[in-house]
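Everything on this sheet refers to the single structure shown next.
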Amino acid sequence: MEQFMLLTQGFFISMTPMNLLACVIGVLVGTLVGVLPGIGPVGAIALLLPFSINMDVTASLIMFAGIYYGSMYGGSTTSILLNVPGEASSIVTCLDGYEMAKRGRAGAALAVAAIGSFIAGTLGILGLTFFAPLLARFVLLFGPPEYFSIAFLGLVILTKMTGKSMLKGWLMIMLGLMLGTVGTDSLSGINRFTFGIDELQRGFDLSIVAMGLFGIGEVLDAMLQPSSKIELMSVRLRELYPNKSEWGRSIAPIFRGSLVGFLVGLLPGPAGVISTFVSYALEKRKSKHPEEFGQGAIEGVAGPESANNAASSATMIPLLSLGLPFSAVSAMLLSGFMTHGVIPGPNLITGHPEIFWGLVASMYIGNVLLLIINLPLVGVFASILKIPMQILLPLVIMITLVGAYSINNSIFDLFLVMVFGVLGFHMKRTEYKPAPLIVGLVLGPTMERGLTQGLIIENGSILSFFMRPIAGSFLLVAVLLIGYSLINWIIKRTPKAMDITK
Amino acid sequence: MAERVLSYIFLLGSLCYAVYAYGLSFGVMSSPKAGFLPTIAGTAAVIIAILIISSGQWTVNIKKERVYWRKSILVTAGLIFYLVGLAVVGYIPATFLVMLYLLKLMEVQDWLIPAIISAAVALFCYGVFNGLLSISLP
């Protein structure tokens, strides 16, 4: 009951003209970045971060969250109409969505994707509404060893979820942790790895690193892709009605996709992408006509599109209740919080209920807005791809650069953005994923504080961490996962296994 | 090639970091000091980078590498020029020149349209950041 009261207050907060405008801007920008390949939600949030400095904190967070879940909607449009996934989380939608479009059922695919996204998004936010405060209360039991353990487990799971090479994932996490130690040590006050450069004393600004790795890096990568002429299929509003059979086949996948997406969204890693693959595999297994998958099965659109939206809501739960981001997007959202001096975590819900509940309520509103915007304007959004990328990409680079400068009015930040941009560009091309680096950078200080303080509390015994029920459980799972991965790695590298693979 | 070079850069960077970290006070287990986590992270990064390099399983498509290196070097050169240009000639001329350079690098035809777009971007960004957001640009 208390939660309903707070949520109602949240609706009042999110419906003020400024917050409503922020929500509209967020979902529109989100849909746009979802449509445009090469520009993701992380880059878009990084790009808009400087503009938000003068904004009200709730409004700016509403805008950033809108970009995130809005991008999940936009990605499906180009997947279905052009076979071009705007986002990685819409790759699966191409398989059946584009096939449906070729058979003249683009309208039905778009409608099912949008309505499925709406239902899943709303269910995901309901989960966020009820789970986040409960989890936040549970988190109050956490001490330094628990914070260290959950951050460590998160990083271990992240290496298994991101990219093809686990070793590369681990290296990226270590680099993130190393970057996180640059600056003045909060416990001892000693400057570490600053080499006498004043600007490094405050450490690496998350938004600067993200702007480089994701903003500049992704755009530079897109600049190298060969440009192709877009042949856009037209969809009329009256064609946006799925027939009775299509509806019947979509309902169960939408709800299954919502559940899968929500559960995967709670795990560290690119939940939006993973949830779509899990949902697609599940739908294919459940289907009476698995042979239709890849030929235009509507379940292959309904399930994955619902899953990625539910995942985007669930990803917010660890961020808002634990204060720990386990994906690149939530790390950027954390950066948005910290820019305004707000620290997410259990104290956010009790200390700043207006921000938490305003944000949650705005997500309900944003989902409705996305449904209203996306269905009638689907053709408009898709036609954005007609803007020549040769012009759009340099434009994004220049705005990102000036945005990076404006955060601290620092040429040094600009230099860092360029360094991380070039690094991110080469990383993208060489299967080194930037997401674990960003998460490592964000979780590094939490892990260091948890480990250092925990060891002091436990008199130097790391084994005592295992004796604490919560920390011990997290660490045990992490150790088992590492052991499993190590055994797998050794088995793959034995001469016999190598002979078989040859 | 790119993958190999990047892996060696990561190894070298991790090695430098680890050497610096060894110079910081490690402390003892019951009282870890400023060098505790850096030493562990740096050492782990060096070991992982060596494992990646020694495994020798490179995944990048070699056929595309020539275009990749040429364009990436040209873009990087443009970004470095921008950094220097901002300090020397100021925001508007530097943005105009680099935007024009990037547009031509992206093979936008003609000179007039790219020049108009570059001028518009430079002036628009200046107006938004300097005028609306009150951020003093160089």
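Numbers for the structure displayed
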item	result
Folded to 0 to 90 degrees: helix A:389-408 orientation relative to chain A principal axis, Cα	30
Contact order normalised by residue count of the range B:64-132, Cα under 8 Å, 6+ apart, percent	29
Total accessible surface hidden between A and B, rounded to 100 Å², 1.4 Å probe	5400
Chain lengthening between A:LEU21 and A:GLU291 when straightened (0.36 nm per residue, less Cα-Cα)	92.6 nm
Helical mean residue ellipticity (222 nm; -39500 (n - 2.57) per DSSP H run of 4+; nearest 500) of chain A	-24000 deg cm²/dmol
For the range A:315-357, the spread of Cα positions along each principal axis, largest first, Å	25, 20, 13
Shielding by other protein chains, A:456-465, mean Cβ within 10 Å	2
Volume per residue of the C-alpha convex hull in the range A:41-146, rounded to whole Å³	151
Normalised contact order of chain A, rounded percent, pairs of Cα under 8 Å and 6 or more residues apart	29
Principal-axis tilt of helix A:57-82 within chain A, Cα atoms, nearest 10 degrees	40
Kyte-Doolittle mean at least -1.0, axial Cα span of 27 Å or more - DSSP H helices of chain B	B:2-22, B:36-55, B:65-88
Nitroxide proxy distance, nm - points 7 Å out along Cα→Cβ at B:ALA119 and B:ILE9	3.7
At least 20 Å² accessible surface lost relative to isolated chain, residues of the range B:37-56 (1.4 Å probe)	B:LEU37, B:PRO38, B:ALA41, B:ALA45, B:ILE48, B:LEU51, B:ILE52, B:SER55
Whole-angstrom gap from the range A:77-119 to the range B:79-138, using each part's C-alpha centre	37
Heavy-atom surface of chain A, accessible at 1.4 Å and reported per residue (Å²)	38
Estimated FRET transfer efficiency when R0 is 35 angstrom, pair B:LEU132-B:ILE47 (beta carbons, to 0.05)	0.10
Table column - 3J(HN,Hα) (Hz), the range A:469-483, Karplus curve with 6.51, -1.76, 1.60, x for Gly and Pro	x, 6, 4, x, 4, 4, 5, 4, 4, 4, 5, 4, 5, 5, x
Residue-normalised accessible area of the range B:64-132, given per residue in Å² at a 1.4 Å probe	53
Spatial separation of Cα centroids for the range A:384-455 and the range A:245-283, in angstrom	30
Delta accessible area of at least 40 Å² on complex formation, residues of the range B:80-119, 1.4 Å probe, chain isolated as reference	B:TYR82, B:LEU83, B:MET99, B:LEU102, B:MET106
Binned Cα-Cα distances of chain B, short to long, each 10 Å bin given as a whole percent	11, 22, 20, 21, 21, 5, 1
Simple label model, 7 Å out from Cα along Cβ direction - A:VAL380 to B:VAL88, nm	4.5
Rounded percent of accessible protein surface that carbon and sulfur make up, the range A:339-466, 1.4 Å probe	67
Sequence-distant residues sharing a close amide H with A:ASN191 (under 5 Å, placed H)	A:ASP185
Value at 222 nm in deg cm²/dmol, rounded to 500, when DSSP H runs of n ≥ 4 in chain B each add -39,500 (n - 2.57)	-23500 deg cm²/dmol
Computed over the range B:64-132, Cα set: Rg, Dmax in Å	13.3, 44
Whole-number accessible area per residue in Å² for the range B:2-60, which is evaluated in the context of all protein chains at 1.4 Å	46
Highest-first arrangement of A:180-192, A:455-467, A:89-101, A:304-316, where packing means the average Cβ count within 10 Å	A:304-316, A:89-101, A:180-192, A:455-467
Degrees separating the helix A:41-52 axis from the principal Cα axis of chain A, which is the longest one	70
Karplus-derived 3J(HN,Hα), 6.51/-1.76/1.60, for each residue of the range A:198-207, Hz, glycine and proline x	4, 5, 7, 5, 7, x, 7, 6, 3, 5
Directionally averaged projected area (convex hull, Cα atoms, the range B:2-60), nm²	4.2
In Hz, Karplus ³J(HN,Hα) per residue of the range A:244-258 (6.51, -1.76, 1.60; θ = phi - 60°; x = Gly, Pro)	4, 5, 5, 4, x, 7, 9, 4, 4, x, 4, 6, 5, x, 4
Cα Rg over Rh - the range A:377-441, Kirkwood	1.09
Percent accessible area from carbon and sulfur atoms, chain B, protein chains only, probe 1.4 Å	73
Evaluated at q = 0.05, 0.06, 0.11 Å⁻¹: base-10 log I(q)/I(0), Debye formula over Cα of chain A	-0.18, -0.27, -0.93
Minimum 20 Å² accessible area buried by the other protein chains, the range A:167-206 residues, probe 1.4 Å, relative to alone	A:LEU167, A:LYS168, A:LEU171, A:MET174, A:LEU175, A:LEU177, A:MET178, A:THR181, A:ILE190, A:ARG192, A:PHE193, A:PHE195
Relative contact order (%) - criterion: Cα under 8 Å, at least six apart; region: the range B:2-60	43
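The values are calculated or read from the model by the stated rules, or taken from the named source; none is laboratory data. The shown structure was predicted, so the numbers you read here are calculated from the model rather than taken from an experiment. All Cβ positions, even for glycine, are placed from backbone atoms using ideal geometry, and neighbour counts span all protein chains on display. Please note that ligands, DNA and RNA were not included when accessible areas were found on the heavy atoms of the full protein model with its side chains. Shrake-Rupley method; radii C 1.70, N 1.55, O 1.52, S 1.80 Å.
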